[in-house]
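Accompanying notes for the structure given below.
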Amino acid sequence: MATTNIWQQFKSLLPEGARTVVTITSNNGDGTSSATMRDGAVISVQGENVPAGRNALIQNRVVKAELPRLAAYEAEV
């Protein structure tokens, strides 16, 4: 039975899990990598397909893709 709730229909169009940009700090040799988040927190992620020092897109702590290094700006609102 299809839902008539428009919010649920909208949510079904979005991918599951948060996507985050991190910097890979090291490949651990066991299928995992260490990554630094923008706030400085270091986490362990699955995947070694992005070299150390490069930006990566992670989703649910799994490396999905290498990202280009682009300029970042912060604006206080």
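The values are calculated or read from the model by the stated rules, or taken from the named source; none is laboratory data. Computed from a predicted model, the values in this text were never measured in an experiment. Glycine also receives a Cβ, built like all others from the backbone with ideal geometry; neighbour counts cover every protein chain displayed. For the accessible areas, the whole protein counts, side chains as well, though only heavy atoms, and no ligand, DNA or RNA atoms are used. Shrake-Rupley method; radii C 1.70, N 1.55, O 1.52, S 1.80 Å.
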Test: residue in the stretch 2-10 that is assigned to a loop (DSSP other than H, G, I, E, B), open to solvent by 80 Å² or more (accessible area, probe 1.4 Å) and small (Gly, Ala, Ser): yes
Count of the stretch 54-77 residues which are assigned to a loop (DSSP other than H, G, I, E, B) and among the aliphatic types (A, V, I, L, M): 5
Some residue of the stretch 11-18 being under 15 Å from the mean Cα position of the chain (by Cα) and surrounded by 10 or more Cβ atoms within 10 Å (Cβ to Cβ): yes
Any pair with Cβ under 6 angstrom, 6 or more apart, that starts in the stretch 1-27 at a residue that is modelled with pLDDT under 85 and ends at one that is surrounded by 11 or more Cβ atoms within 10 Å (Cβ to Cβ) and not basic (Lys, Arg): Gly17/Gln59; Gly17/Asn60
Residue list for the stretch 19-53, restricted to those being exposed (fewer than 13 other Cβ atoms within 10 Å of the Cβ) and either part of a loop (DSSP other than H, G, I, E, B) or of a type in the set (D, E, K, R) (or both): Arg19, Asn28, Gly29, Asp30, Gly31, Arg38, Asp39, Gly40, Ala41, Asn49, Pro51, Gly53
